[in-house]
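Take a look at the structure set out below.
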Amino acid sequence: MNMKKTLSITKNGLFRRLYSKGKSAAYFDMVVYTMKNGAGQNRLGITASTKIGCAVVRNRIRRRIREAYRSIEDNVLPGVNIVVVARSSIKDRPMPLVRDSLRKLLKKVDVWVD
């Protein structure tokens, strides 16, 4: 059984710190902010603005991003806080493209290990 390696970011202050001091990279369907956290575990936060759609749509997008991350998390450096900000164009993207976008962004911010 695979042990869960990534925790959720729930504190607003942590999101704000990543936005202001973290490394960022943008693609047309999402933006990623990262920062080393000094712990051995990764933490993932996902935000989807109300501009994207109703709660059902936003929650579906969050689930899809979380699943995309889960499928590639073995290649992410340990000890990193990651915040993914969804953009409205992600609604129409198939799952493999969401995963590819996330992979490209994580490579751009230097937290990807091949």
Among (1) under 16 Å from residue 6 (Cβ atoms); (2) touching a strand residue (DSSP E or B) at 6+ places or on another chain (Cβ under 6 Å); (3) surrounded by 18 or more Cβ atoms within 10 Å (Cβ to Cβ), the one test that residue 48 misses: (1)
Search result, residues across the range 39-66 that are within 10 Å of the chain's Cα centre (by Cα) and part of a helix (DSSP H, G or I): 62, 65, 66
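Output the residue which, of all residues in the range 12-29 that are in contact with a helix residue (DSSP H, G or I) (Cβ under 6 Å, 6 or more places away or on another chain) and assigned to a strand (DSSP E or B), is farthest from residue 107 (Cα to Cα). Step through it out loud before you land on a result.
Of the range 12-29, the ones in contact with a helix residue (DSSP H, G or I) (Cβ under 6 Å, 6 or more places away or on another chain) are 25, 27-29.
Cutting the leftovers down to assigned to a strand (DSSP E or B) gives us 25, 27.
Numbers: 25: 9, 27: 12 Å.
Selected residue: 27.
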Unmet requirement for residue 58, which otherwise passes all of (1) within 18 Å of residue 112 (Cβ to Cβ); (2) buried (at least 19 other Cβ atoms within 10 Å of the Cβ): (1)
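Out of all the residues in the range 71-102, which are part of a helix (DSSP H, G or I), of a type in the set (Lys, Arg) and at pLDDT below 95?
Initial filter on the range 71-102 (part of a helix (DSSP H, G or I)): 71-75, 88-92, 95-102.
Okay, now just the ones that are also of a type in the set (Lys, Arg), so 91, 99.
91, the sole residue that qualifies.
The values are calculated or read from the model by the stated rules, or taken from the named source; none is laboratory data. Here the structure is a predicted model, which is why all the values come from computation and not from measurement. So basically every Cβ, Gly included, is an ideal-geometry build from the backbone, and we count neighbours across all protein chains shown.
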